[in-house]
Amino acid sequence: MAEAAALAADPAEALRRAQQGKGYWRRVWERLREDKVTLTVTAVLLALLIMAIFAPWFATHDPYEGSVLRRLKPVGTPGHWLGTDEVGRDLWSRMVYGGRLSLLAGVLPVFLALLIGGFLGIVAGYAGRLVNSVIMRMTDVLYAFPSVLLAVAITGILGAGLFNTILALTVSFIPPIIRISESVTTQVRHLAFVEAARASGARPLTIMRYHVLNNVLGPILVYASSLISICIILAAGLSFLGLGVTPPNAEWGLMLNNLRQALWVSPIVAALPGVMIFITSMCFNLMSDGLRQAMDVRL
């Protein structure tokens, strides 16, 4: 409390510490620029994102137009350089359009879970006592179910579809994000600068917004970024089981399910959607590791 009172009485010291915080983020950015692996996988993810957004410009054929005469063409076929699927649709165009739904189903649930779970976790960690007990006990109820089982149960009840998939995955990822947010907030709320803000008469919402959030956002973002790869795999798994995106939409998990019967006839073509799922999830994993290492710096 003595240090907190000193900081409250000395604005210059508080300003110096704020500048140190800015220096921390500058060093994080410098370490990221030197990490070639993180920069490479980030460039790959940006390329996939651009291709998904501007799919009509990158696709060479209508992704929904098929032909029995050209079904299961091999890789390298003139006009269909990645071959065709089980009903003769161009696989390259299907892969490009499939990136839209696969990335959406992988990123959006984590983003929504980050907003909801991060808010609830910070409130629980800062408020403590009764508020903490209520939020964390409700979290424990959802946390008792594995993410895969919870997502399958929700989509099984609500039915297949992109919206239900996103809803199920969002609910599945809220509990772990609440736990991480509550844990780091509990560690921060007793530090000197928070005590100084509290002693100066700042409101709880102001303290959480300007003091707590700035110091817990980094670890929460790093953890959330590591969940994107898991979310992409879960979304593809739900579509593979018939609980996710419905035909004839292009989505990597659904494409993998449709092509599995052609595995012995055209194994390379049948494996391509799985390769895209693997590459995308690995890129998100490596990017998350790079963020974690870059943020592990000390002034």
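Please find, in a Gaussian network model of the chain (springs between Cα atoms separated by less than 10 Å), the residue of Gly121, Gly99, Gly76 whose mean-square fluctuation is greatest.
The residue with the greatest mean-square fluctuation here is Gly76.
Using modelled backbone amide H atoms (1.01 Å from N, in-plane), which distant-in-sequence or interchain residues come within less than 5 Å of Thr77's amide H?
Gly83
Provide the per residue accessible area, probe 1.4 Å, for the chain, rounded to a whole number of square angstrom.
I get 53 Å² per residue for this part.
Over the chain, what percent of the accessible surface lies on carbon and sulfur atoms, probe 1.4 Å?
68 percent
May I ask for the angle, rounded to the nearest 10°, between helix 213-240 and the longest principal axis of the chain, with both axes built from Cα atoms and the value confined to 0 to 90°?
In the chain, helix 213-240 runs at an angle near 20 degrees to the longest axis.
What is the calculated FRET efficiency for Ser67 to Ala271, with r their C-beta to C-beta distance and R₀ = 25 Å, to the nearest 0.05?
0.65
Hey, could you get me the Stokes-Einstein D for the stretch 160-241, Kirkwood radius over alpha-carbon pairs, 4 °C and 1.567 mPa s, rounded to whole µm² s⁻¹?
Diffusion coefficient, whole number: 88 µm²/s.
Looking only at Ile228, Ile174, Ile135, which one moves most when the chain is put into a Gaussian network model with springs between Cα atoms under 10 Å?
Ile135
Treat every Asp and Glu Cβ in the stretch 39-162 as -1 and every Lys and Arg Cβ as +1, leave all other atoms uncharged, and give the resulting dipole magnitude about the Cα centre to the nearest 20 debye.
So the dipole magnitude of the stretch 39-162 works out to roughly 120 debye.
Mind running the shape call on the stretch 18-99? Use the C-alpha gyration tensor, a ≥ b ≥ c as the square roots of the eigenvalues: rounded below 1.5 for a/c, prolate if a/b tops b/c, oblate otherwise.
Prolate, because a/c is 1.5 or more and a/b exceeds b/c.
Let me know the charge dipole size of the chain about its Cα centre in debye, to the nearest 20, where only the beta-carbon of Lys, Arg (+1) and Asp, Glu (-1) is charged.
For this selection, approximately 380 debye.
For Asn214 and Met282, calculate 0.36 nm times their separation in residues minus their Cα-Cα distance, and state this gained length in nm to one decimal.
Extending this stretch completely gives an extra 21.6 nm.
For n ≥ 4 DSSP H runs only, could you compute -39500 (n - 2.57) per run for the chain, divide by its residues and tell me the 222 nm figure to the nearest 500?
It lands at -25000 deg cm²/dmol.
Rounding to the nearest 10 and keeping the result within 0 to 90°, find how far the Cα-based axis of helix 267-295 lies from the longest principal axis of the chain.
Between helix and principal axis, roughly 10 degrees.
Considering all projection directions equally, how large on average is the shadow of the alpha-carbon convex hull of the chain, in square nanometres?
Its average projected convex-hull area is 18.2 nm².
Once the Cα atoms of helix 36-53 and of the chain are each reduced to a long axis, what angle between those two axes, in degrees from 0 to 90 to the nearest 10, is obtained?
Compared with the principal axis, the helix lies near 60 degrees.
Going toward the positive end of the dipole of the stretch 157-299, with +1 on Lys and Arg Cβ and -1 on Asp and Glu Cβ, which of Leu162, Ile277, Asn249 do you reach last?
Leu162
Please list, in order, the residues from the stretch 210-246 whose amide nitrogen is less than 14 Å from a point placed 7 Å along the Cα→Cβ vector of Gln187.
Counting only backbone N, you get 215-223.
The values are calculated or read from the model by the stated rules, or taken from the named source; none is laboratory data. Only a predicted model underlies this, so the values are computations on that prediction, with no experimental measurement involved. Quick reminder, even Gly has a Cβ in these numbers, built from the backbone with ideal geometry, and neighbours come from all protein chains shown. The protein model used for the area step is the full one, side chains on, heavy atoms only, and it has no ligands, DNA or RNA in it. Shrake-Rupley method; radii C 1.70, N 1.55, O 1.52, S 1.80 Å.
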